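Below is one structure; the comments refer to it alone.
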Amino acid sequence: EELFEEFSQFGHVTAVHIPVDDTKRNKGYAFISYESEHDAKRAMDTLDGTDFQGRLIHILPAKPSSDQANDAGIDTSNMTYKERQALARKKEAEAAKKSWSASFLRGDAVVDNLSDRLGVAKGDVLNVKDGISSGNAAVRLALGETHIISENIAFFESHGVDVKALESSSADKGVIR
């Protein structure tokens, strides 16, 4: 409120934002937004280097962050800090499209599936006896995963799901699977 009053003498202040740390103490700086660029310039010229509550005020003009770069053509100059942050979060959410992939299986899911089907212990699937493995367990898991994925794709296709369409939509948007 005191900052608002101090800076309001130069024009209409639209927002005052004072960042705080984890302990809710202010970090020693603030962001003041004016309705008019002219008013902001007058406040900066007049108050820079003056004393406010025993502290020296040093005023720098703000620069928009790269996160707030406006690609959509929306005028953010009259928005409050909270509104600009909400817009940035919305843009980030829109850009972060993730697709579902029918061809992804975790390694432990492959082992569980194969041990259930074969009626053997997980260690037997990996062919580990007394801490000694015969052959490459990674190769056996990859073969098992390939077989299960093929079955999954066949199941989905038999029920009218175009798995290739699901997977290609993410590639079209630049999402890496």
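Derivation of every value follows stated rules applied to the coordinates shown; laboratory data play no part. A quick note: this is a predicted structure, and the numbers were derived from the prediction, not measured. Backbone-built Cβ (ideal geometry, glycine too); neighbour counts: all protein chains shown.
Directionally averaged projected area (region 1-63, Cα convex hull): 4.5 nm².
Checking the cross-link pairs Lys122/Lys164; Lys63/Lys90; Lys27/Lys91; Lys41/Lys63 against a 24 Å limit on the alpha carbon distance flags Lys122/Lys164; Lys27/Lys91 as lying beyond it. Each Lys and Arg Cβ is given +1 and each Asp and Glu Cβ -1; about its Cα centre, region 1-57 then shows a dipole of about 200 debye.
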